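Readers should treat all values here as calculations from the given coordinates under stated rules, not as data from a laboratory. Note that the coordinates shown come from a computational prediction; the quantities given were computed from them, not determined experimentally. Methodologically, a virtual Cβ is constructed for each residue, glycine included, from the backbone with ideal geometry; neighbour enumeration extends over all protein chains shown.
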Amino acid sequence: MSSPPRSSDPRLTVAAAEPLSANALEDRLDEILDPVLSTRRTATRLAEAVAPLPREHQDFVLHWVAVIARTNPEMAYQFAAAAPQALARLDLASAEAWIIEAMDTYDRDGLYRGSAVFKNVGEFARLSRGTAAAVSFEDVAQVLQLFICGLSGRRLRLDTAARPHTDTETLFLPPSIALLPRREENFFIYKAMATLLWAQGRFGTFNVDLDAACAGYSDPERALDLLNTLETVRLEACIARALPGLAREMQKLHAGQLPDSRCAVLATPAATISDSVALLAQVYADMAPVHYSYTPVLQPERAAAVRKARLAKEKSEFQSALAQLLEEKDNSAVPPQPAERFSIQASGLPAGNGNASHELMLDGKPVAPPENVSQLMDSILQDLGEIPDDYLVAAGDGGYRQNRRDEHDPADVWKGVYHEEGAFFYNEWDCKRRHYRKNWCVLRELGVLPGNADFVDATLAKYAPQVAQLKRTFELLRGEDKLLKKQPNGDDIDLDAVIAAYADMKSGMELSDRLLTKRHKSERDLAVMLMVDMSGSTKGWINDAEREAVIMLCEALEVLGDRYAIYGFSGITRKRCEIFRIKRFDEPYDTAVKSRIAGIQPQDYTRMGAAIRHLTTLLNQIEARTKLLITLSDGKPDDYSDHYRGEYGIEDTRQALIEAHRAGVKPFCITIDREARDYLPHLYGPVNWTLVDEVARLPLKVADIYRRLAT
Amino acid sequence: MPGQIAPLHTKVLDADARLIEAEPYYEPLGGEIALFEAAYASQIPVLLKGPTGCGKTRFMEYMAWRLKRPLITVSCHDDLTASDLVGRYLITNNETVWIDGPLARAVRCGGICYLDEVVEARKDTTVVIHPLADDRRILPMEKRGELLQAPREFVLTMSYNPGYQSVLKGLKQSTRQRFIAIEFGYPAADLEKKIIITETGLDAQSADKLIKLAHMTRNLKGNGLDEGASTRLLVHAAKLMARGIAPRTACSGAIAEALSDDPEMLRAINELASSLF
């Protein structure tokens, strides 16, 4: 991740490096923060607090106040208020991390939570002390995600929170760690934290009601803290058995000593959370809670809520899976005696994950459950330690449907858990912050209201001579399996060549070694995605030209045999990005597609970043050696709000194109905007775009451009 | 002689009749040996399915040894043509001479023809095995105008990995429905441990850890890995470890780097390995 420019506003840096006076600062802050200032709330105090800082810090503050104010002026005010205190504790790099953390929180949870991060600079500073060696969550998230996924059967998500804890489905880790002098050591703290949180779920910390267990003590909070210490001892012993290498490193951080000799009982393999709870009563009076650098906190309420929801869901899923097994076995929709046919037998043999495996029995015989059912069993065993009898009643597949919608978590989109229906989430690049706004754009795929297919026929009639020529040109380009003769190596003998060579030899001439034939396949392995601008500005004759151009291109592509898809894009604001399906890759070019092309109508704005990201994803599901993303556009990226117009939009689009390029997609832009020279080279590079400055010629040019591009 | 390396004595294997003399080490996973023998006796071709490195080829060697038939292996690739399998004319001494391809050789000598990774071959290639794979059991050799009738001893087998097939590379129904299919998976933990120890002589404790690591990477399948670590990779790592390479180095070289090129995935696998060893 690149770091933002620190030099800030050029108007300020060209001046000498003298600190700015309080008055000068006040003027600048007044200007930026105007919307949230009033007679009672002025910038005077802010300016006075910033004035004593060195010039470099002042510039930093002013730069970020301006950047944040573009998103939300109130956040900018909160930042300005907290900045002097923060800069006393953090260096500029970690102050930036702090700002990004606050802005991410704002994007996700709103103003209240976002400004809370600015106010709690102390909490942030505690975790990111000694910053050169700081490791941020973003640096490690991907590796830890894979690490945890490798450890566990259950899929766990990672997210940030000020204090590390888990709700049993998500592991919350601090946004950055800088407790130790070296980066590797700080990464290790992350790893140890994540492993302990994983172990809390894996080894059943939440299998009893922790709040109830601590409620009887005079200070329940201290009791919970102490219980956390005891659990850490127990879980570390579990980790030592499962992951000895990791446990060795963890012990180095606390010299391998138990916090209290009475804890030894917890290190035995048979110890469970109940033993920790029982021990808590004995040691509550005289043992102090111990915190290692990697010790997480317990948040029983959140864990209990998530666990309860999961148990209910998994019970019904398990039961309907059993019903399905019965159905498969009996071939009857309604099993006559659903109860008491299933049982569970602990097989005694240790399974791959280290604990005793359980076998599912049907009518006294073991059945092999499908993969998803055995994962489900695994998950239930983790939560309950057994599969209770009431789970073993096959139930109809009704059950838990009503909550299905809630499961469409934004994070799941990335894992490809569901594809159709509902929305896709895409990150957006904020050039000012030089960071992605996570899951910022909501994109939906919509159908196109079919138009009158006569439009297609009319177009083909209008351009009849050109179409005929087009077809001839493209037919020549079509790749075919050719038989190459007179080859030095190949599959078969070229008898003509042999005879000629024989004759040559008899007449004393030199013998050719090119006597074989070879089949040469010149398959075109190309997939084209055509992305059509459907913004409001295309209204009128531009739209007509666009539709005609699409038709001409389709005719050419049909002759050529390349795979292609056509999508339109438009939308208004980040919450309504829209992609219009005109032709999917697997659809033939038929009447339905033709009438959809005729139905391309101008809609709203052009938030190009999200559209490019979505179509790149679609394109990447296609197997092809070359993948082309051709944009047909009439102007700059633009949107109704969010400052998408101008630099922000251009930079986001550029970032999306860079991502596409990295994913192996070649972007190309055909535009009719005469000002395109000013910004398209920046977006697509010097050669990957072309300007058709006469709209009327667009239909004639497009196929020609494609020919140059793809042959 | 300085500056010269004496040629090593390399054994040239006879491609025509490669009889396997020593018993290959093979641990049965289930009833696959009986199934194969029954199929062989009934003259039905066999399709082996399973991820890479789980023992498909070893199983074929074992069966060839057991049935005392030569094993002729063809590794399929996307330029493999029908004439590569059946045979072709070459020119020697002023005349064209017919040279049998591996499939024709196997038919003539009543051997086991094993087409490894058959989906990699071009679609038109797989069609030439059709008449051989049903009850006709004939191999038409168009160029010679001959029909070869396969003897009772001949059997056609092929392998494919259903896991990583792209949309372009599937097995046609008309091909796959001529075969009896045996599915191979990774062996259960205790069996896999036995295999590692027998193949490499590694101590039981390290073998346990290797198997745990394998299960962890298999958890990652679909989350950035196309396949988890196969038994073959475990054997490689175990061989390195048995020769005194530090376990973390051995796992990094034999498992992590063999599975992925993605730096984050490599790091995650190395972290998993270092958590175990």
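One table, with the values for the structure above:
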quantity	calculated
Angle between chain B longest axis and helix B:204-219 axis [Cα atoms, degrees, rounded to 10]	70 degrees
Phi-based couplings in Hz for the stretch A:36-50 (Karplus 6.51, -1.76, 1.60; Gly and Pro marked x)	10, 9, 8, 5, 8, 10, 10, 8, 4, 5, 4, 5, 5, 6, 7
P(r) tail fraction, the stretch B:149-277 - alpha-carbon pairs more than 18 Å apart, %	59 percent
Helix axis angle, B:231-242 relative to chain B longest principal axis, alpha carbon, degrees	50 degrees
In order through the stretch A:57-70: 3J(HN,Hα) via Karplus (6.51 cos²θ - 1.76 cosθ + 1.60), integer Hz, x for Gly, Pro	5, 4, 4, 4, 4, 4, 4, 6, 4, 5, 5, 5, 4, 5
Where only alpha carbons of the stretch B:63-199 are counted, the Rg and the Dmax (Å)	17.3, 62
Candidate aspartates and glutamates - alpha carbon under 13 Å from residue A:315, same-chain residues fewer than 8 apart omitted	A:378, A:383, A:386, A:389, A:390, A:397
The protein assembly as shown: translational diffusion in µm²/s, Stokes-Einstein, Kirkwood Rh over Cα pairs, 25 °C, 0.890 mPa s	72 µm²/s
Selection of trypsin sites (Lys or Arg not before Pro), the stretch B:242-277, meeting DSSP coil and at most 15 other Cβ within 10 Å	B:243
Cα centroid of the stretch B:61-140 to Cα centroid of the stretch A:52-96, whole Å	74 Å
Residues B:251, A:263 arranged by fewest to most Cβ contacts within 10 Å	A:263, B:251
Partner lysines for residue A:485 [C-alpha distance under 24 Å; skip if fewer than 8 residues away on the same chain]	A:506, A:518, A:521, B:123, B:143
For residue A:167, distant residues with modelled amide H under 5 Å away	A:172
Whole-Hz couplings from phi, Karplus 6.51/-1.76/1.60, listed for the stretch A:288-305; x for Gly and Pro	9, x, 10, 10, 8, 4, 10, 5, x, 10, 9, 10, x, 4, 4, 4, 5, 5
Between helix B:32-41 and chain B: long-axis angle, C-alpha atoms, 0 to 90°, nearest 10	0 degrees
Fewest-first ranking of B:63, A:505, using other Cβ atoms within 10 Å as the exposure measure	A:505, B:63
Under-5 Å amide H pairs with residue A:435, H placed in peptide plane, nonlocal only	A:430
Per residue Cα convex hull volume in Å³ - calculated over the stretch A:436-558	242 Å³
At 1.002 mPa s and 20 °C, Stokes diffusion of the stretch A:561-626 via Kirkwood alpha-carbon radius, µm² per second	165 µm²/s
At R0 = 41 Å, FRET efficiency that the Cβ-Cβ distance of residue A:620 and residue A:34 yields, to 0.05	0.35
5 angstrom amide H check on residue A:359, placed H, neighbours 5+ away	A:345, A:346, A:347
Cα shape, the stretch B:56-127, gyration tensor, a/c 1.5 rule	oblate
Mean projection area, nm², convex hull over Cα of the stretch A:171-216	4.3 nm²
Alpha-carbon gyration tensor eigenvalues x 5, square-rooted, for the stretch A:151-280, Å	23, 18, 15
Proxy reagent accessibility, fewest Cβ within 10 Å first, across A:64, A:541	A:541, A:64
Value of [θ]222 nm, deg cm²/dmol, for chain B, DSSP H segments ≥ 4, -39500 (n - 2.57) each, nearest 500	-11000 deg cm²/dmol
Reachable lysines, given that their alpha-carbon falls under 23 Å from the alpha-carbon of residue B:212 and they are not under 8 places away in the same chain	A:191, B:56, B:193, B:194, B:221, B:239
